[in-house]
Amino acid sequence: MAPLADIPTRWFLATWNLAEQKERERFQAVIYDPPESMNTASLTAPQHLTFLSELNIKMFKEIKFSDGSRKIVRYFET
């Protein structure tokens, strides 16, 4: 994660081929409708970074939908 205007941001490679994309799908988990307190800002707070690394979470992203629902996708070390 890198801060961009105080917003934690993750950069992705634009050159992944289909095989690499499919490999990434195998090492992920999704939390549907997480509590409001579980968001990008709270998960990137310094006190949670150790927790994330202990679970071998390499990165995560929060996805917000137009109907107000959300999900958090976690990507694990391969």
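The values are calculated or read from the model by the stated rules, or taken from the named source; none is laboratory data. No experiment lies behind these values; they were computed from the predicted model shown. Quick reminder, even Gly has a Cβ in these numbers, built from the backbone with ideal geometry, and neighbours come from all protein chains shown.
Checking Glu54, Glu62 one by one, the residue that is among the acidic types (Asp, Glu) and within 13 Å of the chain's Cα centre (by Cα) is Glu62 and no other.
Among residues of the range 60-71 that are among the β-branched types (Val, Ile, Thr), those with a beta-carbon under 6 Å from a residue that is part of a strand (DSSP E or B) at least six positions away or on a different chain give the pairs Ile63/Lys71.
Residues in the range 27-37 that are farther than 9 Å from Ile72 by Cα and not charged (D, E, K, R): Phe27, Gln28, Pro35, Ser37.
For the range 7-54, filtered to residues that are surrounded by 12 or more Cβ atoms within 10 Å (Cβ to Cβ) and part of a loop (DSSP other than H, G, I, E, B), the residue that is modelled with the lowest pLDDT is Arg10.
When the range 62-78 is filtered for residues that are part of a strand (DSSP E or B) and loosely packed, with under 13 Cβ neighbours inside 10 Å, the ones remaining, listed by number, are Ile63, Lys64.
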